[in-house]
Structures are given as structure tokens and as C-alpha cells.
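The values are calculated or read from the model by the stated rules, or taken from the named source; none is laboratory data. Note that the coordinates shown come from a computational prediction; the quantities given were computed from them, not determined experimentally. Don't worry about glycine lacking a Cβ; one is built from the backbone with ideal geometry, like all the others, and counts go over all protein chains shown.
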Amino acid sequence: MVRKLSSKEGSSHLFSKSQRAISPIIATVLIIAVTLIAAVAIGGFVFGIFGSASQTAQVAVTSVTLPTSNFVTSGGTSAFTCATTIPSGQPYLVVTNTGTAAATVTGVTMTWAGANNAFTPSVACQVGAAGSATATTYIDLPASSTITSAATTGQTVQGQVTLSNGAEVLYTGTFQ
């Protein structure tokens, strides 16, 4: 049955018993779904799930070459340099960065025969982010590196590479 309201009654819309709204159950499910989606989106940004990724350096010492003939107990030096090619005839550490940010090496220590031997960079020593030309860097210890006790072939050396952010990367090597 269709009833037309006259303009005297204030409206000219048609109403029909066959026209129905959505079910209250479907409406409830839709409201809950929209609420959950909004909560996940807001929570993701608040708790950093969808936030921007932070850039960090992931530095490791991947190789250690320590020829005993390059270590002296006096008259040597304790300043190192960095390069992107393997040094010839001198001790070096290979430092690799797999992270998204660069790092700067501020010092190297070597523990041998109960003594700590410190080495400092003569110039800035940058290890680039992964994928860059400097992501693998060679820390070139001096050709005559000064250490407290004489180096002995086959003996184990432990140490650390210190980065400008305060991180310390441990390494172990053997005198050759």
C-alpha cells in the first residue's frame, strides 16, 4: 500500500512498507568493524608500528690481520688511518657496516699479555652505511705499531673498536 502525502501535509515523499533499513545486527557489526580498524590505525602510529624506521649503524669487525713483525715495544706509533682498500704489509682490521646509518671509529684497543694498547685515528675514520663505497672499511694500524709486550706468533689478541655513538665492537684475532 502506497500513500502519498499531499503538500498540505508538508511533504511530497513516497513511503512504502517494502522499503526497509539495514538490520540492527548488520549495523552493529559494521560499527564494531569501523571502530576496530580505527583503533588499529591509531594504535599503530602511537606505538610506532607504522612510524618511520630509525637509521642505525650495525658495525662488526669481520677480519683481523696482525703480522707480528709490525708490532714493536718501543719507537712505534699508535695512530691509525682508514681506507677502502686492503693495506699492503701492515696490520689491519676489516670493519663492515650492514646498518642504514654511517658510523665513525674513534678508537681501537688491543688487549695482549694482560695489557691494553690503545690506538687513535690520525684523521676521521668513517664507516659508511650498507651499500655505500665505504660500508667495508680497513682500519690500517701503523706499520710499526707500539704495544706493551712483544707480539708472539699464534697468540690470541682481543680488543674493541669504539664508535662515536659510544658503541664498542669486540673482536678477536691471532698474531701471524
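Looking at T104, T109, T62, which is the one that is assigned to a strand (DSSP E or B) and surrounded by fewer than 13 Cβ atoms within 10 Å (Cβ to Cβ)?
Working: T104 fails: surrounded by fewer than 13 Cβ atoms within 10 Å (Cβ to Cβ); T109 fails: surrounded by fewer than 13 Cβ atoms within 10 Å (Cβ to Cβ).
Selected residue: T62, the only one of T104, T109, T62 that is assigned to a strand (DSSP E or B) and surrounded by fewer than 13 Cβ atoms within 10 Å (Cβ to Cβ).
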Note on segment 118-148: residues among the polar types (S, T, N, Q) and closer than 20 Å to A60 by Cα are T120, Q126, S132, T134, T136, T137
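Yes/no matrix, rows are residues, columns are (1) at pLDDT 90 or above; (2) under 20 Å from the mean Cα position of the chain (by Cα); (3) under 16 Å from T146 (Cα atoms):
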site	(1), (2), (3)
N70	no, no, yes
T73	no, no, yes
T77	no, no, yes
P87	no, no, no
P91	yes, no, yes
N97	yes, yes, no
A101	no, yes, no
T106	yes, yes, no
W112	no, no, yes
